[in-house]
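K.L.:
The structure's right below; bear with me while I get my questions together.
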Amino acid sequence: MRKSERLNKIPPYLFVKIEEKKAELLNKGVDIIDFGIGDPDLPTPEHIFKKMKEVLELPESGQYPTSKGEFAFRKAVSKWYRKRFKVELNPRDEICCLIGSKEGLAHLPLCFIDKGDVSLIPDPSYPVYKICTTLAGGEPYLMPLTAENNFLPDLDSVPAKVLKKARLLYINYPNNPTGAVCGRDFFEQCVKFAKANNLLLVSDLAYSEMGYLGDPPMSMLEIPGAKDVTIEFHSLSKTYNMTGWRIGMAVGNKEAVQALATIKSNMDSGQFKAIQYAAIEALSGPQDCVEEHNKVFAERAKVLVEGLNSLGWKMAPLKATFYGWVPVPKGETSASFTEKLLDKCGILVVPGNGYGPSGEGYVRFAITIPKERIAQAIERMKKNGIKF
Ligand SMILES: Cc1ncc(COP(=O)(O)O)c(C=O)c1O
């Protein structure tokens, strides 16, 4: 079967390979401590399930939704943004419902990238930015995130000839995979840079509700004038432990949001209405669950960081997300250390270079397992002589 050039250009999705490897080991009876995919293990809060049960049997739930989302859902998003960030969004044309933010991020380059156009993409980063730029015929330009620059891209180092062809600038704080956060000054710089270079600023805010140390993360749209150049992606996945429900939103610049809605209307017919109604409950109902989840992640982060530091690492406390971005010991690569942890200790982590070449030298620990299991992983590392 002849496959398209487009398909041949893309590698298998990172987690597909990892899930296969895990299944293989589980089959062999290995007790795996799984720090792999960032999928919260805590349950979706009860009031959201309760709402879902109520709306499931509404006759309209069985009918086609609109691809950009029910007006009531968009209104709930608008209210949530006002309450959380003091950002005003018009539910008519500045908000679009997504089948998870991955869906919107994946479709976006089809709206703005033609053959040869460039997307400016942090390296390492969530793989969808790069792969879907390539699928749309564009070229990713990678901006290294390093410990020396606090895992912030150096926008001023992008060469002028790249900038000439650049259309999209992807920014993601709190960051996957590095767990880094940024200050208001960096967001201001991004908006200024996007304006000066005629770029659409793509802010991925999937983890904004997962800040547990320091100031609460902010929306790019809080920066005055940001809406002129910004589309922001958000999601209920991590905030409310709803990864499997597949619901998120794109908000911000009207032209960009409507461009995405146009692509979507030709590709999907929106998210199941019952899920949208349950999402309204999530956004508008009690929010104490968010703080409770963060308390759990903060405790786990402490166990991981203190544990690794007892083995010679010098990790700073994690501030946000559920990711520990951990440098590999001397003499190891991302791949060799991942393999060693798995083979010697039954510990599954993600090799940092899976997120881009600058991720080489790191592995990512997702703390989506109970703290007792994290402590057990540290014990296993100690027993097997693994140290930094
Ligand atoms: C940075 C980032 N953006 C977006 C997503 C997509 O989340 P979802 O499609 O569940 O909304 C993820 C998921 O892991 C992510 O890490």
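K.L.:
Which residues, taken from region 66-87, are over 22 Å from the mean Cα position of the chain (by Cα), under 25 Å from SER269 (Cα atoms) and among the charged types (D, E, K, R)?
P.N.:
If the condition is that a residue be over 22 Å from the mean Cα position of the chain (by Cα), under 25 Å from SER269 (Cα atoms) and among the charged types (D, E, K, R), then GLU70, LYS75, LYS79 are the ones that fit.
K.L.:
For GLY116, only one of the following conditions fails: (1) assigned to a helix (DSSP H, G or I); (2) more than 16 Å from the ligand (Cβ to nearest atom). What is its number?
P.N.:
Every condition holds for GLY116 apart from (1).
K.L.:
Could you give me the residue pairs with C-beta distances under 8 Å whose first residue belongs to region 243-268 and is at positive phi, whose second residue is acidic (Asp, Glu) and outside any loop (DSSP other than H, G, I, E, B) wherever it lies, and which are 6+ apart or on separate chains?
P.N.:
Within 8 Å, the pairs are ARG246/GLU103; GLY252/GLU232.
To keep it simple, each residue is scored yes or no on (1) hydrophobic (A, V, I, L, M, F, W, C); (2) surrounded by fewer than 24 Cβ atoms within 10 Å (Cβ to Cβ); (3) within 20 Å of PRO109 (Cβ to Cβ).
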residue: PHE233; (1), (2), (3): yes, no, yes
residue: LYS254; (1), (2), (3): no, yes, yes
residue: GLU291; (1), (2), (3): no, yes, no
residue: ASN294; (1), (2), (3): no, yes, no
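K.L.:
Shifting gears a bit: Please go through region 213-240 and give me each residue that is part of a loop (DSSP other than H, G, I, E, B) and either within 14 Å of the ligand (Cβ to nearest atom) or touching a Pro at 6+ places or on another chain (Cβ under 8 Å) (or both), ordered by number.
P.N.:
Those that are part of a loop (DSSP other than H, G, I, E, B) and either within 14 Å of the ligand (Cβ to nearest atom) or touching a Pro at 6+ places or on another chain (Cβ under 8 Å) (or both): LEU213, PRO217, LEU236, SER237, LYS238, THR239, TYR240.
K.L.:
If you take the residues in region 84-106 that are in contact with a Lys or Arg (Cβ under 6 Å, 6 or more places away or on another chain) and either more than 23 Å from ALA274 (Cβ to Cβ) or at pLDDT below 95 (or both), which one is nearest to the ligand (Cβ to nearest atom)?
P.N.:
GLU94
K.L.:
Report those helices (runs of 4 or more DSSP H) wholly inside region 123-212 carrying at least 3 residues which are in contact (Cβ under 8 Å) with a residue 12 or more places away in the chain, within 16 Å of the ligand (Cβ to nearest atom) and of a type outside the set (Ser, Thr, Tyr).
P.N.:
128-135
K.L.:
Looking at region 4-16, I want the residues that are over 21 Å from PRO351 (Cβ atoms) and at pLDDT 80 or above and have a partner that is aliphatic (A, V, I, L, M) and not in a loop (DSSP other than H, G, I, E, B) with Cβ atoms under 8 Å, at least 6 apart or on another chain. Which pairs are those?
P.N.:
Between residues of region 4-16 that are over 21 Å from PRO351 (Cβ atoms) and at pLDDT 80 or above and residues that are aliphatic (A, V, I, L, M) and not in a loop (DSSP other than H, G, I, E, B), the close pairs are ARG6/LEU135; LYS9/LEU135.
K.L.:
Further question: For region 24-47, name all the residues that are small (Gly, Ala, Ser) and under 24 Å from the mean Cα position of the chain (by Cα).
P.N.:
Listed by number, the residues that qualify are GLY36, GLY38.
The values are calculated or read from the model by the stated rules, or taken from the named source; none is laboratory data. Just so we're clear, the structure is a prediction, and the values are computed from it rather than from any experiment. Please note: Cβ atoms are built from the backbone with ideal geometry, for glycine as well, and neighbour counts cover all protein chains shown.
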